[in-house]
Amino acid sequence: MNHIIHITGNIVIYTSLAGIVLLFLECIWYAFPRKVKNTCPSKRIALITGASGGLGRQYAFLADRKLKDIDEIWLVGRRISRLNETAGLLTHPAKCLQMDLTETAEISGLKAVFAEGNISVRCLINCAGFGTVGSSSDISIYTQAKMINLNCIAPAALANVCIPFMHPGSLLVNICSTAGFQPLQYLNTYASSKTFLLRYTRALRRELLPKQIRVSAVCPYWIKDTGFIAAATAGGESGIKDFPLSSNVKSVSRFSFFWMKIGLPVITPGIICSLHRMFSKLIPDTVLVYIWDVIRHI
Ligand SMILES: NC(=O)c1ccc[n+]([C@@H]2O[C@H](COP(=O)([O-])OP(=O)(O)OC[C@H]3O[C@@H](n4cnc5c(N)ncnc54)[C@H](OP(=O)(O)O)[C@@H]3O)[C@@H](O)[C@H]2O)c1
């Protein structure tokens, strides 16, 4: 038995060290993007979904202040008045795209817009998303399908449309959640959709590594000052009692924006989500679901 524990311990330690070295090398690779010869000057944009409120709006402000290589910021959401409001607070010229991202056809239409405008996508932040708490049998199949469409299919479709217009040094960021680290009863479809997005983002990162496109997944814990929690609990009895130790949108956006520029693969902006990430790797799912049972009653 001691022998098995010893071997397992060694595997964990040495593969973790290998992971740190690989991560370091990847960040160096991203830090020196190749120059691409482009005879036709293109318009460089940052495209941010969910920019009508919450986290997406903060990312729009940060992109405006901190991204030096963009000419325009494109803001996506359904509430055009809120998008215009965000646009009015930016120093860069902004374009507001009123889109329902659960309609994949609307997303694929962007390809022609990019080609016509000779667009170079320097930054894509997929932030639009929603969740619903409650039992899987109570949440309508319509709502669950919409959640999967917005949280999974839309980011994949947007990546598909944007990648051909991205170049070395471009950023592609998917806003996932700490919920994606484990199965979560009474937040099931949302947590499962974020698990998909997290896995998808990690594999996409490896695919795009040769192109020097930095791909990151951001996995925050509850954020109290966005519309998310109110919308998620609007259905009444939720099965989750409270949202203790919630973070705030400014600290989450600032911390994650810094690390996505460095090119970290998974960003956990806060202590709770960082601990959750670590423990979800160490503890089996069978045990984690019972721990969640205790936490959701606190
Ligand atoms: N807040 C949290 O506790 C928390 C924790 C972890 C992860 N997250 C993730 O963070 C991201 C941002 O959430 P948030 O906290 O900022 O929530 P929020 O304030 O509710 O913002 C959600 C954004 O998504 C957009 N959106 C919703 N449905 C859409 C649709 N069908 N088409 C296009 N846009 C749509 C909304 O814009 P319109 O209504 O104008 O369309 C809004 O701008 C989400 O992906 C969420 O899963 C949030």
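Just so it is clear, none of the values below were taken in a lab; they were calculated from the coordinates. Predicted, not measured: the structure shown is a model, and the values here were computed from it. All Cβ positions, even for glycine, are placed from backbone atoms using ideal geometry, and neighbour counts span all protein chains on display.
Counted residue by residue at 0.36 nm each, then reduced by the alpha carbon distance between them, the extension gain from Phe279 to Asp71 reaches 70.7 nm. Look at where the Cα atoms of the stretch 131-184 and of the stretch 273-290 average out, and the two centres are 21 Å apart.
Put the Cα centre of the stretch 1-50 next to the Cα centre of the stretch 195-263 and the gap is 19 Å.
Considering the zone a paramagnetic label at Asp138 would reach in this model (a point 7 Å from Cα along the Cα-to-Cβ line), which residues of the stretch 237-276 have amide N under 15 Å from it? Zone members listed by number: 237-242. Spin-label model, Ser81 to Phe130: label points 7 Å out along the Cα-to-beta-carbon direction sit 1.8 nm apart.
Order the peptides 19-30, 146-157, 63-74 from the highest to the lowest mean number of other Cβ atoms within 10 Å of their residues.
Values: 19-30: 12.6, 146-157: 20.7, 63-74: 17.2.
Put in order of decreasing packing, that is 146-157, 63-74, 19-30.
For a paramagnetic label modelled at 7 Å from the Cα of Glu106 toward its Cβ, which residues of the stretch 165-197 fall within the zone defined by backbone nitrogen distances under 20 Å? Correct set: 174-175. Long hydrophobic helices in the chain: the complete DSSP H runs spanning 24 Å or more by Cα along their own axis with mean Kyte-Doolittle hydropathy of at least 0.0 are 2-31.
As a rough guide to protection, the peptides 258-266, 52-60 ranked by mean Cβ packing within 10 Å, highest first, stand as 52-60, 258-266. The simple Förster model, with R0 at 35 Å and r as the Cβ-Cβ distance, assigns Lys95 and Ile271 a FRET efficiency of 0.40. Label point 7 Å out from Glu207 along Cα-to-Cβ: which residues of the stretch 63-88 have amide N under 13 Å? No residue passes the distance filter. Stretching the chain fully between Leu25 and His3 yields a gain of 4.6 nm (0.36 nm per residue, less the alpha carbon separation).
As an exercise, use a Förster radius of 25 Å and the Cβ-Cβ distance of Leu245 and Val289 to find the FRET efficiency, rounded to the nearest 0.05. Could the numbers behind the result be given before it?
Numbers: r = 20 Å, r/R0 = 0.82.
The pair Leu245/Val289 has a calculated efficiency of 0.75.
Output the pairs from Lys43/Lys146; Lys194/Lys281; Lys224/Lys281; Lys35/Lys68; Lys194/Lys241; Lys43/Lys111 with a Cα-Cα distance over 24 Å in this structure; if there are none, say none.
Working: Lys43/Lys146 33 Å; Lys194/Lys281 16 Å; Lys224/Lys281 26 Å; Lys35/Lys68 16 Å; Lys194/Lys241 21 Å; Lys43/Lys111 14 Å.
Result: Lys43/Lys146; Lys224/Lys281 exceed 24 Å.
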